[in-house]
Each structure stands twice: as structure tokens, then as C-alpha cells.
Amino acid sequence: MEIALVGDLTDNEADMTDRLLGIEPGGECTIYFDSPGGSPYCAMSLVTLMRMRGIRATGIVTGECSSAALWPFATCTRRIVTPYSVFLFHPMKWQSEEHIGITEAAEWSRHFAELEREMDVLLGELFGASGDLIGQWIKTHRYVTGREMAQAGLAEMASLQPLPELPPVPVG
């Protein structure tokens, strides 16, 4: 199965969830990413579905994979990028369109700080990378190229040539 994750994660969450649930537990799929991110809760929901159902996904970044979209990409068992793929790492941002009281705002601030720490650690674990490298990119709001992701060992580099068939996802 092939799935396109294009645009804001939050706007596509229902479709992505439905598509992932359509894959048998332990099954394989290819996910094409071109997303600026979205809700961290949406990202964690997709990660949870992929991990708990044992979905072996190949992630291919066709354009951008930034912010919250990094978590589902990092969950892929195989990650493919091009020299033109772009990734934005940054601290989580919180905004509210609602009028809330100071007590609720203080609790959101506490919760978000804790969630951000936990998700930063998880992102490093999902990528199988040094927390220091990922943490440095996050702290500096770093735009990372596909070439840099491949050099860091976080993804495989592919050229913009047709692939006769997508290589199989490694098992194990």
C-alpha cells in the first residue's frame, strides 16, 4: 500500500489513521512525505498506530518533512531522502485560539514543557541517533537537508531517477 502524507498532519489525521488501519498488523507500506508538520498529538497518534500494529513502513521524503511530521518519518523502518528533501527541527510550539484563564495556561505550559522533553528523547530513539545531534538541531531551529540526514545515518540517499521497484523493507 502507498500512502501520501501531504500538507498539515492535523488536517490529514483521519485519512492517515484510516489508511494505517487498513494495513494488516505486521504489514508493509510506503509513506510519501511532504508535510510542514502539525499537532504533536496527531504525530504521536500515528507513531503509536505504526508501532503497536508493527507496521513496517518505508518513508520517502518527496519535499518537506518538518516539525511534527518528523515523528512518523522517524518511525519508518526504512527512510529514503533526496538531496532536495528538507527537514525543520525546532522546539514544540503551543498556541491557543481560545481565551483561557491563567491557571489553565500555567498547566498547559507545564504539560507542554514535559511533553517536549519526552518527545525530543523519543525522536532520537526512533531515529536511532544521538540525542545530542537531534537536540542541537532542535535548539537551533535547524533546517537539515536530505544529504545531511543521510550523512548522519538517519536516512538513505536516493537520486531523482526512476526506481524500477522500491527495495523491500528490511525485516528485523
(request) Examine the stretch 85-96 for a residue that is surrounded by 21 or more Cβ atoms within 10 Å (Cβ to Cβ), touching a helix residue (DSSP H, G or I) at 6+ places or on another chain (Cβ under 8 Å) and modelled with pLDDT of 95 or more, and state whether such a residue exists. (result) yes
(message) What are the pairs with Cβ atoms under 6 angstrom where one residue, in the stretch 1-20, is over 13 Å from F73 (Cβ atoms) and the other, located anywhere, is in a helix (DSSP H, G or I)? Sequence gap at least six, or different chains.
(response) T10/C42; E13/C42; L20/L49
(request) Could you give me the residue pairs with C-beta distances under 6 Å whose first residue belongs to the stretch 51-68 and is part of a strand (DSSP E or B), whose second residue is of a type in the set (A, V, I, L, M, F, W, C) and surrounded by fewer than 21 Cβ atoms within 10 Å (Cβ to Cβ) wherever it lies, and which are 6+ apart or on separate chains? (result) R56/V169; A57/C29; T58/V169; E64/V86
(request) Assess whether A43 counts as being closer than 27 Å to S159 by Cα and part of a helix (DSSP H, G or I). (result) no
(request) Name, by its number, the condition in (1) farther than 21 Å from A155 by Cα; (2) basic (K, R); (3) touching a Phe, Trp or Tyr at 6+ places or on another chain (Cβ under 8 Å) that does not hold for R53. (result) (3)
(message) I'd like to verify a number: residues in the stretch 114-159 that are of a type in the set (K, R) and under 15 Å from S67 (Cβ atoms), how many?
(response) 2
(message) Taking the conditions exactly as written (in a helix (DSSP H, G or I), at pLDDT below 90 and surrounded by fewer than 16 Cβ atoms within 10 Å (Cβ to Cβ)), does E125 satisfy them or not?
(response) yes
(request) For the stretch 16-45, enumerate the residues that are among the charged types (D, E, K, R) and at pLDDT below 95. (result) none
(request) Output the residue which, of all residues in the stretch 26-40 that are in a loop (DSSP other than H, G, I, E, B) and out of contact with any helix residue (DSSP H, G or I) (no Cβ under 9 Å at 6 or more places or on another chain), is surrounded by the fewest Cβ atoms within 10 Å (Cβ to Cβ). (result) G26
(message) Against the condition buried (at least 16 other Cβ atoms within 10 Å of the Cβ), at pLDDT below 95 and not in a helix (DSSP H, G or I), how does H99 come out, does it pass?
(response) no
(request) Take the stretch 43-55 and flag every residue that is buried (at least 19 other Cβ atoms within 10 Å of the Cβ) and in contact with an Asp or Glu (Cβ under 8 Å, 6 or more places away or on another chain). (result) L46, I55
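The values are calculated or read from the model by the stated rules, or taken from the named source; none is laboratory data. Everything numeric here is computed off the predicted structure, so don't read it as measured data. For neighbour counting, all protein chains shown are included, and Cβ atoms are generated from backbone atoms with ideal geometry for every residue, glycine included.
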